[in-house]
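Below is one structure; the comments refer to it alone.
The values are calculated or read from the model by the stated rules, or taken from the named source; none is laboratory data. These numbers were taken from a predicted model, which means no experiment stands behind them. All Cβ positions, glycine included, derive from the backbone under ideal geometry; neighbour counts span all protein chains shown. What goes into the accessible areas is simple: the full protein's heavy atoms, side chains included, and nothing from ligands, DNA or RNA. Shrake-Rupley method; radii C 1.70, N 1.55, O 1.52, S 1.80 Å.
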Amino acid sequence: LIDGIPETLAKLRAAGKKMFFVTNNSTKSRAGYKKKFTSLGLDIPDAAIFSSSFAAAAYLEQTKFKETGKKVYIIGEIGICEELDLIDVPWIGGSDDNGKAPNMGPGGMLEHDKDVGAVIVGFDRNVNYYKIQSAQLCINENPGCEFIATNLDAVTHLTDAQEWAGNGR
């Protein structure tokens, strides 16, 4: 926590200012960020937290995706999964597909779920070719399947030693 943050937030609240905490990091849900803020001794209202995992779920909710009866394929981490759970949108992939590898030998192919109507891609520390192939099959072979990226970051800063590939362009 940066020195002076609690006092600064208190002064802003006393002045009647509205504050929002916005991130394009989809690895945590709003609940995950709330837990992080609380662990830092900050009392941040749930309604003031906006993450790209929440934005992806909000988009699906606004477009009435649930009514299609389709599910979402996720390349990403728990933040996306938790936000979709909150709006009762079924999903597959995510950490369930960590460590999987497709058969890329002669005649090898990967069966994909034809009931996927959207693919959400966020930062995924366990991305693999199985996930990439599953997502591209859904996008290219399921009519009307939407592709939703949680951010366009080409790189991320996981360590202080170098830039790491992001999930954007």
Checklist entry - Restricted to segment 32-50, and to residues that are in a helix (DSSP H, G or I) and open to solvent by less than 70 Å² (accessible area, probe 1.4 Å), which residue is farthest from Glu7 (Cα to Cα)? => result Gly32
Checklist entry - (1) in contact with a helix residue (DSSP H, G or I) (Cβ under 6 Å, 6 or more places away or on another chain); (2) within 29 Å of Gln133 (Cβ to Cβ); (3) open to solvent by 80 Å² or more (accessible area, probe 1.4 Å): which one isn't true of Ala57, the others all being true? => result (3)
Item to check | Any hit, segment 6-26, residues being open to solvent by less than 20 Å² (accessible area, probe 1.4 Å), under 28 Å from Leu152 (Cβ atoms) and in contact with a Ser or Thr (Cβ under 9 Å, 6 or more places away or on another chain) | outcome: yes
Item to check | Filter result for Asn140 (open to solvent by 80 Å² or more (accessible area, probe 1.4 Å) and more than 17 Å from Phe65 (Cβ to Cβ)) | outcome: yes
Checklist entry - Which of the residues that make up segment 156-169 are surrounded by 10 or more Cβ atoms within 10 Å (Cβ to Cβ) and over 30 Å from Asp113 (Cα atoms)? => result Thr156, His157, Leu158, Glu163, Trp164
Next on the checklist: Can you pull out every residue in segment 1-56 that is among the basic types (Lys, Arg) and more than 23 Å from the chain's Cα centre (by Cα)?
Outcome noted: Lys11, Arg13, Lys17, Lys18
Checklist entry - Among helices (runs of 4 or more DSSP H) lying entirely in segment 51-169, which contain 3 or more residues that are in contact (Cβ under 8 Å) with a residue 12 or more places away in the chain and farther than 30 Å from Phe21 by Cα? => result 129-141
Checklist outcome for this item: Of (1) at pLDDT 95 or above; (2) within 29 Å of Ala165 (Cβ to Cβ), Asn24 satisfies every one except (1)
Next on the checklist: Restricting to segment 92-117, count the residues that are polar (S, T, N, Q) and within 24 Å of the chain's Cα centre (by Cα).
Outcome noted: 2
Next on the checklist: Just checking, does segment 64-83 include any residue being polar (S, T, N, Q), open to solvent by less than 30 Å² (accessible area, probe 1.4 Å) and either within 20 Å of Asn167 (Cα to Cα) or out of contact with any Asp or Glu (no Cβ under 7 Å at 6 or more places or on another chain) (or both)?
Outcome noted: no
